Every structure is written in structure tokens, then in C-alpha cells.
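Data first, discussion second: the structure below is written as C-alpha cells.
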Amino acid sequence: MRHSIKYLLLSLSRFKSATLLNLIGLSVAFASFLIIMAQVRYDLTFDKGYPNAGTIYEIDLWRPISRSYSNTQSQFLLQEISTSTPLIRQSAFLDRRDNQAGFFDPRKGSEGALTESTVLASSTLPELFGLEWLEGNPSAFHTPNAALLSKSTARRLFGDESPVGQQLGCIQFTESEANYLQVVGIYEDLPENSSLPNGVIFNAENNVIPGNQNFLYTLYLQIDTPEQAAQVELLLTSRYPEWISHTEDSLQPRPVRVIDLHDYYFTPSNGTRSQGNLTTDYALIAIALLILAIAIINFINFSTALVPRRIRNINTRKVLGSSLASLRFEQVAEAMILALLAGGVAILIVSLLADTRFSSLFIADIHPSHNIFLIYVTLGVALLSGMVAGLYPAFYSTSFPTALALKGSFGLSVQGRRLRITLIGFQYLISLVLIMVASLIYHQYSFMRNYDIGLSCDNILSTQISARMSQQRDVIAQKLKENPNIQDVTFSFTNITNPGSSSWSINYRNQRIQFTGLPVAPNFPAFMNLPIIEGRDFRELDRQRNGTFLFNRTAQEQFDIQIGDRIANPTGGFGEIVGITEDFNLKSLYYSIEPVALYIFQDTVSWPLLELYAKVNPVQFESTRQYIEETLLSFDPSARNVVKVEFLNDQLEQRYRSEKKLAFLIFAFSLLAILICSVGAFGLILFETQYRRKEIALRKTFGATVGDILKMFNRRYVAIVLVCFVPSVPIAYLIFQKWQQNFAYQAPFSLWILGMALGIVLLITLATVTWQSYRSATENPAHSIKQE
């Protein structure tokens, strides 16, 4: 090892550029590996941090009307499923209507309320998930209005004082007055990659809406084994026709899905706060391994490129008695030390990046201090990579006849040259595929971002408001429109970018229909430039009626909606269908357009419109945004954690942030792969110029210009890139088509993306080859011939 370190230092001094580029290439590859695996580890361990993980299952039921699965059930189904078989050890449910509220210590007043994640749950939920109680009595959670705080939430709200036994003020944004809970315990914080958030869990059993009309509750079952879970699924499937009205042609072969909670994270349209994609994770693992492969190939190319300059030293030592084994071991050990050094540099790079905006591209925490296991894995990969990369050069450099090598003239085999060209060709193939896939994903993202959803969302600011503000919305709207930069104001129950679980199932014309319902203000359709294709628009007088509905075209076609018909509304009684609108998207373009109804209830009905929209002049955006915020807070100062004024288009864009991040990440790692590949090309050019110095000198002696020499070197690498481009196209197309199947609306395949990818790789390659070969092309021919 001492000799290996000695020769590594000797290499650093003799071959500074080559060793430095090698170190950079390996460091970038290992840093990429560490970052990618941090994200993959986050996904592959999602919802595995609960003590009862592996026995928790979530329920999905097929909805024949909407032709989709849903993880939200009615109170009737909660009871039916939970008591269906003794194989279910226990059950628990969450209420999906609220996920945030303002909390405060009543002794300090509501002015200091903090917005925390909320979980409205059954009393059995802490036990089913196996939450670790740090303080309090678990049995006390069965009492009404009992609250359980996570350790971090308790510290934020009460400091170092124990909150157990004290009251907790709660401002739910759907209610105008604060209510009070009793803190009965504190539980240990769950890992960040958990669908159950760290916040406030409170017993919501007294607030359950009875019947089979409102699908608001996510049901969890505790089942001991996967085999028993499969039996439960079969049993529930046999009882499914009792619970859900359906026709035979709309019944799925698997109408009930009992899915492990971890696996549910990867289930499409899972309805939870987070969703993973196994295809994306496998793609990221493949990218990490391919970048490592590129770096190892570069290491091999660099090492072999230096053989002409190291061969005399190696063979002199052979003459002096050094064994082949010792010479090879020293070179492999040198490579492993260099790789280990690159691994250390990689950890430093990731530590620096973790404190920058780059880390926001990942859901996972990429800081090495929070991924100790991955640090060991990365260093292990570094050692293994160094060993693999050092073996071929070690055997290759010691394979030449001693006497011939000592004279300084030896030939390089055709097989060796073919191997190196094949290796760098593989690098180019990877780089081209990665750039094409990244560009195509970004193309899909741009297509979705610019797609006309049927609503005019330009120059519209949006924010959530409190129930207290909603009660004064007419006054607020008038006050806001006093600002000349605000043209109009409207309201809806929830933001149109996130309609939530507003799914209604009601009887109409002797059939059961299911649709997404969105309570709105009367001027909402006109505000959003939503065309009325049949019937009439809403009117202000509709606020005095028992219910007024506008259905979209899809609902009309699917359910034979007739204008003038009376239809049951969720709060009781019947409302009138007054018109049909053009179709519009309330969900992301993962989904096709579904039946939707906009409606208005009487002002006396407690159904607050909690989302405000303001059409503004974007030139003075900041001052207008501040005016809206200050005006709203003047009506309810306690809602400062609720009001967040943003452009509606920016909120729409958030639907596709994962696609944007994925495209950027793949593109960034693609560029890294190309740069590492260019370093490999640099190594090959170094190799060739060392071996062909005499040929270059003779060509120049017989009249070749510098341009001719540069063309000679560039021609080969352009040919390599073009050859690799041919198979890269179908590979990239197949990968993209597989990924794009998740979307109901798909961007067309664009040929210009292929040309762009080829252009990027060619440009970087030509720049690299020209830069490295220029020195040899301009060298004095007499000097080269004399040395040879």
C-alpha cells in the first residue's frame, strides 16, 4: 500500500491533467450515484417506518360510474368492510376533508396560531399504525375531541412544557369560530417518507357523516400476512355487488383492491398526499449505474492512454526483478486509492449541493449526514469501481515484451483499439438516449403546462381564505375591486387545481350518477370565460334558491342530463339544472375529462367558499398581491397562515412539478454523462496523439495543414457518434412511450428533439477532440520525428 500511495503521488506529479480529469470524472459519477440513491431510497422505504409496517393495508373500490378506483369510502362502507371477516385484526379511517388547520395555546391567544398538518381519524388509528407514545395514555384517545401531537409539533406549540392534559385551540379554515381539543398524548415523529404526517391527530368519530352518499373516508385494515390479505380481498369482492350499483359490462375483474400501504404509494391515482413511480425509480437506478459505467470506462481509457509514457518505467522494473503480480497489484491499488479519494470528494460535493436550491429538485433529503448508510455504500462502490477500472490497464501495461518496450517503440493491437472505440461508443449511446428521453419528458411537461384546460387562468391571482372571510365575501369583493389593478373577483369552495374529494353519488333519472361537484359564486363561469353551450349561466338570484346546477358536456353525454330537471343536492332537497358548460379539466392531464357540476346553494346553507380568485393587471403584480393580502387580513387577522396569494397558472403548473423535476434531473445527469464521456474522448485522443506523433509529423512534412490533421481526428469521433445515434433513437422512443402511457393526454413525438440531442453531443465532442488534438497538430514536425 505504501508503494501504491508513492506511485499515485508520482502519477499526480507526472500526469497532472490526466489524473485531475480522472478524479473529476469519478467524483461527479459518485456524487450522482449518492444523490440518485438518496431519492430512490426515499421511495423504496416509503411508509415502511411505522412499527406495524407490513400489516397495514389500504382499500380501493372500483366505481363503475366514474370507471376508476377510489380510496375514499362512505360511513356505511366503513362499517360493512371492517366487520366483514375475523381476518381483519382491526380497522381505522382518516377523514380526507381537512389536512391543515391553525393551532394555538389558548393561554397565549389565537394571534400566535401556527398552521400544522391535521389528521382527522378514528380512535383506533394510533394503535393500528403502532405509533410510539412518548407521553400520555393511549386509552384517552378514545374520548371525543382528544388530540395527539407529534413530538416536533408539541415543541413548536408548547416549547419545552408538556402539553398533555392541556387544551389546544384549533382554527379549522372551513369554520368561522375556533374550537378546543384536549391533548392526551405525544407520539414520536415519523420519518419524512410517511403518508401519515407529523402534526395533530384528533378523534373525529363524532363528526362522521352517516349513510352512503359522501365518500370522504380512507379505510385502513390491519391484516397479519399477505396471504390473509389476498383472502380478505376475495371475500370483499364477493360482497361488492351488495354495496355498489353496477352493470355487468362495467364490473372490473378486480373491483376491490386490498393493497399494502407501502405498495399503495406506487399505485397510480392513489389519492394520497404523495405518489411514487417504480418506473422512474428503476430509471434513476439505471442512470446512476450507467454514469458509473461511463466513469469506469473513462478510467480505463485514461489509464491505457498513459501506457506509452509509463511503459519504460514498468518494464525497467521488470528487468530489475519486480514480479508481474506486484506490478499489477500496485496499479490496481493505485486505482482504488484514486477512486476512494474521488468518493470523498463526491461526499463533499453533495454536502455543498444539499444547502443550495439544487436540493429542492428532490423530495428526499440528499444531505450525506442524513444518509449515512448510503455514504458507506458509495465508498464501497468507489473501491469496487477502482478495482474494476484498474484491472485492464494493469494487465495491459505489463503484457508487452520487455526488450521491445525498453527501446521505446512498440505497436498497439488492433483488438485494443477496437475495444476502446467500443467502450466510448457505449458511452455516447448512453448519453444520446438520456438526452433524448429527458427532452421528450420535458416536451410532455410543456405540452401539459400549455394545454387549454377550458378555463381562462391568465392573470388571475388565487388564495385560500378563512370561513370568517367567506361570510363577508361580497364586502371583500367590493373592497378589492376598488383597486384599479383588480378587474373582477370570484370564489369557489376549493381551488380548481385541487378539487379534493368532492365526489358525489346521487340518484337521477332512475340511475346512480357520480360526479365531481364544485360550489362556486354566481359569476364564476363568466370570470373563467367558461362557455355555456346550452341553457343559461348562473344569476345572482340563484343564491336565494335551494340549489342551481351547471353540468359539463361530458356529464350531459354520460348521464343524459336535461336542462330544467330537478336533482338532489348533498345538503338535502332538490336543485335545478339550468345549463350545460363546455368541458374543462379540474384534474391533471393524467386523467381524461370527468363529469363535473358547478353549483350554487342558498346563502343560508353552511357551505363556505374558501378560495378567492382576482383577475389583475400583471404589470403591477407585487403591489396588487400585497393589497389583496392586506385587505383580506383586515377582515380576519388570525388567518395570516392561510392567505397565500399566487398566480393561478403557477398553481396549475404544480400539478406537473414531478415531470418537470424528472426531466431536469435526467437532462442534468445526461449532460454530466456527456461531459464524462468527453473526458473519455480526451483520454483516447491523448492515447492516439502519443502513438501517432510520427504519423502526424510526416503528414505535415508532406503538406498536410493543421485543419487536415484536426479533420482526421474529428472524422473518427463524428462517425462514432453517428453510428451510436442510429440505435439510440428506437431505445429512447420505447422508453418514452412506456413512460407516457400514464397520461390520458400525450404530447406527439417530435423529430426535432432527436436532432437537438445529436447536435449537443456532436458539438461537445468536436470541441473536446479539437481542443486536445490541436496541440499535436501544431507541434514542430522535426521535434516529433527526432523523439520518435
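The values are calculated or read from the model by the stated rules, or taken from the named source; none is laboratory data. Predicted model, so just to flag it, every value in this text is computed and none were measured. When we count neighbours, we look across all protein chains shown, and the Cβ atoms used for this are built from the backbone with ideal geometry, even at glycine. Note: accessible area is taken over every heavy atom of the protein model, side chains too, but ligands, DNA and RNA are not part of it. Shrake-Rupley method; radii C 1.70, N 1.55, O 1.52, S 1.80 Å.
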* To do: Pop out the ³J(HN,Hα) list for segment 380-396 in order, Karplus 6.51 cos²θ - 1.76 cosθ + 1.60 with θ = phi - 60°, rounded to Hz; leave Gly and Pro as x.
  => x, 4, 4, 4, 5, 4, x, 5, 4, 5, x, 5, 4, x, 5, 6, 5
* **Paramagnetic label zone (point 7 Å from Cα along Cα-to-C-beta, Lys481; backbone N under 15 Å) in segment 508-539** => 521-528, 539
* **Phi to ³J(HN,Hα) by Karplus 6.51 cos²θ - 1.76 cosθ + 1.60 over segment 749-761, Hz, x for Gly, Pro** => 6, 10, 5, 5, 5, 5, x, 5, 4, 4, x, 4, 5
* What is the distance, in nm, between label points placed 7 Å from the Cα along the Cα-to-Cβ direction at Gln79 and at Gln602? -> 2.9 nm
* Structure fact -> Summed over the other residues with a beta carbon less than 14 angstrom from that of Val258, with K and R at +1 and D and E at -1, the charge totals -3
* Heads up, I need the accessible area for Leu672: 1.4 angstrom probe, whole protein in place, Å², nearest 10. => 50 Å²
* Using a simple spin-label model with points 7 Å from Cα along the Cα→Cβ vector, what separation in nm is obtained for Met756 and Leu20? -> 3.4 nm
* To do: Would you check the accessible area of Arg509, probe 1.4 Å, heavy atoms only, in square angstrom rounded to 10?
  => 120 Å²
* **Other-chain or far-sequence residues with amide H under 5 Å of Glu135's (modelled H)** => Ile186
* Asked: Roughly what would the spin-label model give for Gln654 and Glu557, points 7 Å off Cα along C-beta, in nm?
  -> 3.2 nm
* Asked: Taking the Cβ-Cβ separation of Glu111 and Arg509 as r and a Förster radius of 51 Å, what is the calculated FRET efficiency to the nearest 0.05?
  -> 0.45
* Asked: Based on the Kirkwood radius over alpha-carbon pairs, what value in µm²/s does the Stokes-Einstein equation return for the translational diffusion coefficient of segment 322-403 at 10 °C and 1.306 mPa s?
  -> 108 µm²/s
* Ordering Ser470, Ser399 by how much accessible area each has at a 1.4 Å probe, largest first, what is the list? -> Ser399, Ser470
* Structure fact -> For Leu352, the accessible surface traced by a 1.4 Å probe with all protein chains present amounts, in square angstrom to the nearest 10, to 110 Å²
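How would Phe426, Phe725, Phe46 rank on accessible area, largest to smallest, probe 1.4 Å?
The residues order as Phe426, Phe725, Phe46, largest area first.
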* Between Ser152 and Ser446, 0.36 nm times their residue separation minus their Cα-Cα distance comes to what? -> 102.0 nm
* Asked: Out of every Cα-Cα pair in segment 93-145, what percent are more than 16 Å apart?
  -> 57 percent
* Asked: In terms of modelled amide H atoms, which long-range or inter-chain residues lie less than 5 Å from the amide H of Asp488?
  -> Lys615
* **Across Lys479/Lys644; Lys48/Lys738; Lys479/Lys615; Lys661/Lys738; Lys644/Lys738, pairs whose alpha-carbon gap is larger than 26 Å** => Lys48/Lys738; Lys644/Lys738
* **Karplus (6.51, -1.76, 1.60) ³J(HN,Hα), θ = phi - 60°, over segment 47-52, in Hz, Gly and Pro reported as x** => 6, 9, x, 7, x, 9
* Asked: Given the Cα-Cα distance of Phe621 and Leu541 and 0.36 nm per residue of separation, how much length would full extension add, in nm?
  -> 25.5 nm
* Give me the number: length gained by fully extending Ala668 to Val729, i.e. 0.36 nm times residue separation minus the C-alpha to C-alpha distance, one decimal in nm. => 20.0 nm
* Which FRET efficiency value, to the nearest 0.05, do you get for Gln746 and Gln166 by plugging their Cβ-Cβ distance into 1/(1 + (r/R0)^6) with R0 = 45 Å? -> 0.25
* Structure fact -> Quick shape summary for segment 128-233, equivalent ellipsoid via Cα gyration tensor, semi-axes whole Å in descending order, reads 27, 20, 13
* Structure fact -> segment 518-552 scanned against label point 7 Å out from Arg566 along Cα→C-beta; backbone N under 16 Å for 545-549
* Structure fact -> Output for segment 66-193 (equivalent-ellipsoid semi-axes, sqrt of 5λ from the C-alpha gyration tensor, Å, descending) is 28, 18, 13
* Efficiency of FRET from Cβ geometry, Ile533 and His370, R₀ 60 Å, rounded to 0.05 -> 0.65
